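Engineer: Below are the structure tokens for one structure; questions will follow.
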Amino acid sequence: MQLLASEEYGLRCLLQVAGADAGRPVAISHIAEAEGLSPQYAAKLMRQLRMGGLVDSVRGAEGGYRLTRPANAVTVWEVLEVLGGPFYSEGFCGCHAGQRRDCVRSSDCSVRALWRTVQATLCETLSGITLQDLRRDESAMVTWLGVDTVAGKSAAGPS
């Protein structure tokens with residue numbers, strides 16, 4: 001399981017837009033420079049985000065991209081769905097039937113139950129985190145999340 005580069009960079013580009021003053025458009029050149037990306041790659045990501053309804057583009061010399069909603073109304077889950085799709089989709093099993101037409105576990109699959117649970121947990125967690133939340137610095141974010149990222153465990157200790 002991996003977070004795609006396009007999801008990471010797209011989220012970071014969107015945070016650049018979320019940090020703009022009063023809905024002011026942010027130019028691709030600024031986004032690309034701030035995130036260490038080529039302008040072409042930043043433009044590709046922003047186009048995906050526009051097509052997903054998360055940003056609008058503004059033409060002209062003072063143009064760029066701006067959020068379609070306030071930063072506190074855009075969740076990380078929405079962003080990741082636009083950039084990469086769900087972690088697990090119901091059609092996944094149909095694509096992994098091995099040499100058979102249908103999966104041998106199509107009627108009873110403990111692994112499918114696991115992936116559905118992981119999908120639901122990711123959705124619940126990431127739907128509760130907005131772009132505004134991510135505007136914190138790393139230390140404040142760790143505190144807000146209640147997670148010790150060095151050990152990878154909850155600040156409350158192992159469960």
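A short reminder: the numbers here are calculations on the coordinates, not readings from a lab. Note that the structure is predicted; figures quoted are calculated from it, not measured. We place every Cβ from the backbone using ideal geometry, glycine too, and count neighbours over all the protein chains shown.
Engineer: Suppose R0 equals 25 Å. What FRET efficiency, 1/(1 + (r/R0)^6) with r the Cβ-Cβ distance, do Thr125 and Arg50 give to the nearest 0.05?
Structural biologist: Details: r = 26 Å, r/R0 = 1.04.
It comes to 0.45.
Engineer: Between Leu3 and Gln40, what is 0.36 nm times their sequence separation minus the Cα-Cα distance? Round to one decimal in nm.
Structural biologist: On the way: separation 37, 0.36 × 37 = 13.32 nm, distance 2.11 nm.
Net length gain for the segment: 11.2 nm.
Engineer: Tally Lys and Arg at +1 and Asp and Glu at -1 over the other residues with C-beta under 12 Å from the C-beta of Thr75: what net charge comes out?
Structural biologist: On the way: positive: Arg69; negative: Glu78, Glu81, Glu124, Asp133.
Its environment carries a net charge of -3.
Engineer: Still on this structure: I'd like the distance separating the alpha-carbon centroids of region 120-148 and region 23-70, in whole Å.
Structural biologist: One Cα centre to the other: 23 Å.
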